[in-house]
Amino acid sequence: MIPYGRQDISEADIQAVVEVLRSDFLTQGPAVPAFEDAVANYCGAKFAIAANSATSSLHLACLALGVGKGDIVWTSPITFVASANCALYCGAEVGFVDVDLRTCNMSADLLAEKLAEAESKNELPKVVIPVHMGGQSSDMAAIHALSQRYGFKIIEDASHAIGGRYGSGIIGGCRYSDITVFSFHPVKIITTGEGGMALTNDEHLAKRMRLLRSHGITRDPADMTHEPDGPWYYQQIALGFNYRMTDMQAALGLSQMQRLDEFVARRHVLAKRYDLLLSDLQVTLPYQHPESYSGMHLYAIRLNLNEIRATQREVFEALRAADIGVNLHYIPVYAQPYFAALGFKAGLCPEAERYYSEAISLPMYTGLQESQQDQVVAALRKAISI
Ligand SMILES: *Cc1c(COP(=O)(O)O)cnc(C)c1O
């Protein structure tokens, strides 16, 4: 089976993890801050807080921004469920802003419309979470301008997008957001097995996320209610979690960072090759904004269903039968039974639903060989021409 995504682990990556295993610290050691510094420096952000998953990072980001009961958080419907669940964890209500079909990112125009309507009903969101679908940045300048007018905070879910750029800025620099979150799951651009990171330029947010990542416990006397009882002393000053990343994971991530640019460049070579090989098929190729450089986590085509006889499901099943691990990113989040039970109905985001009815993610990872890519294209060509 050719998977849709997989990790790329070198001998140097393995050695980096082995070194930690032979060292004094498996967790809470020096590898975690070293990895955090490397990512913060790469992105040009002041602070980076590693966690055991991007899901945890999104939760920490919402908590640091003060999301709680009675608050409203909006995200994109075309994303992994974690982008919405982070708001529900905090007791907030979640809402969805439909996507621009070309990029499958949250549409800034539809966001503007929804904000104007929400303002009149006094139901403005506290936080908006745009998702950089497939690694291509959302229209952050436009979303940021709206945040200035309507007073919401922004968390970029950049789980797909480390190594990408938006205009002249590196994704993760938080130029147009309060916090940016990366995922290091093995199918993503770089991996730590499980892992995530939140970046910010705001010292207060960074401090809050660090505190909540580790039980809400501080060892800094400046944050305590009274002088420490002694050298052993620590205080719990908030209800936090154990969302820490281990040193083995951080060492792997730090080692992977050295190849980040190479990884993304390789993904772009493969994407360009797909573009060429698929140019005569009845499919819509992924749109690349000329002023952004995608992390290229996904290569998602859309079937031109009015030009072919086969259904999306038939094409999908034919590819799976040919041992090609195609996937579909994503089922609109609000269509999940858990969300339907909260009252969300079909038809809420027509563009997202159209995308879901046409899209297929083709294999995209650094180790994908050209011969395998040819196999994928041949199988797709055959499946479409049924
Ligand atoms: C993978 C992913 C997440 C969750 O990442 P984990 O590290 O697996 O928790 C969140 N949002 C998006 C868009 C993702 O693709």
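What are the pairs with Cβ atoms under 7 angstrom where one residue, in the stretch 77-101, is farther than 30 Å from Gln288 by Cβ and the other, located anywhere, is of a type in the set (Asp, Glu)? Sequence gap at least six, or different chains.
Final answer for the pair search is Ala92/Asp71.
Give just the number: which of (1) within 23 Å of Leu205 (Cα to Cα); (2) assigned to a loop (DSSP other than H, G, I, E, B); (3) free of Cβ contacts under 8 Å to residues at least 40 places away in the same chain; (4) polar (S, T, N, Q) does Ser159 not satisfy?
The failed condition is (3).
Test of understanding: among Val326, Val283, which residue is touching a Pro at 6+ places or on another chain (Cβ under 8 Å), under 30 Å from Gly163 (Cα atoms) and touching a residue at least 40 places away in the same chain (Cβ under 8 Å)? Don't jump to the end; show me each part of the working.
On the way: Val283 fails: touching a Pro at 6+ places or on another chain (Cβ under 8 Å).
Selected residue: Val326, the only one of Val326, Val283 that is touching a Pro at 6+ places or on another chain (Cβ under 8 Å), under 30 Å from Gly163 (Cα atoms) and touching a residue at least 40 places away in the same chain (Cβ under 8 Å).
It is to be established whether one or more residues within the stretch 327-334 are at pLDDT 95 or above and more than 19 Å from the chain's Cα centre (by Cα).
Among the residues of the stretch 327-334, not one is at pLDDT 95 or above and more than 19 Å from the chain's Cα centre (by Cα), which makes the answer no.
Of all residues in the stretch 165-200 being more than 9 Å from the ligand (Cβ to nearest atom) and on the phi > 0 side of the Ramachandran plot, which is surrounded by the fewest Cβ atoms within 10 Å (Cβ to Cβ)?
The qualifying residue surrounded by the fewest Cβ atoms within 10 Å (Cβ to Cβ) is Gly167.
Please verify whether the stretch 203-211 includes one or more residues that are assigned by TED's automatic domain parsing to the domain that holds Ile143, within 16 Å of the ligand (Cβ to nearest atom), under 16 Å from the mean Cα position of the chain (by Cα) and under 30 Å from Ala141 (Cβ atoms).
Taking every residue of the stretch 203-211 in turn, none turns out to be assigned by TED's automatic domain parsing to the domain that holds Ile143, within 16 Å of the ligand (Cβ to nearest atom), under 16 Å from the mean Cα position of the chain (by Cα) and under 30 Å from Ala141 (Cβ atoms).
Mind checking which residues of the stretch 79-96 are farther than 13 Å from Val128 by Cβ, more than 9 Å from the ligand (Cβ to nearest atom) and among the hydrophobic types (A, V, I, L, M, F, W, C)?
Correct list: Leu88, Cys90.
Thr218 fails exactly one of the following numbered conditions: (1) farther than 17 Å from Gln136 by Cβ; (2) within 10 Å of the ligand (Cβ to nearest atom); (3) hydroxyl-bearing (Ser, Thr, Tyr). What is the number of that condition?
Only one criterion in (1) farther than 17 Å from Gln136 by Cβ; (2) within 10 Å of the ligand (Cβ to nearest atom); (3) hydroxyl-bearing (Ser, Thr, Tyr) is unmet by Thr218, namely (2).
Please specify each residue of the stretch 314-372 satisfying the condition of being part of a loop (DSSP other than H, G, I, E, B) and basic (Lys, Arg).
If the condition is that a residue be part of a loop (DSSP other than H, G, I, E, B) and basic (Lys, Arg), then Lys345 is the only one that fits.
The values are calculated or read from the model by the stated rules, or taken from the named source; none is laboratory data. Bear in mind the structure is a predicted one, so any value in this text is a computation, not a measurement. All Cβ positions, even for glycine, are placed from backbone atoms using ideal geometry, and neighbour counts span all protein chains on display.
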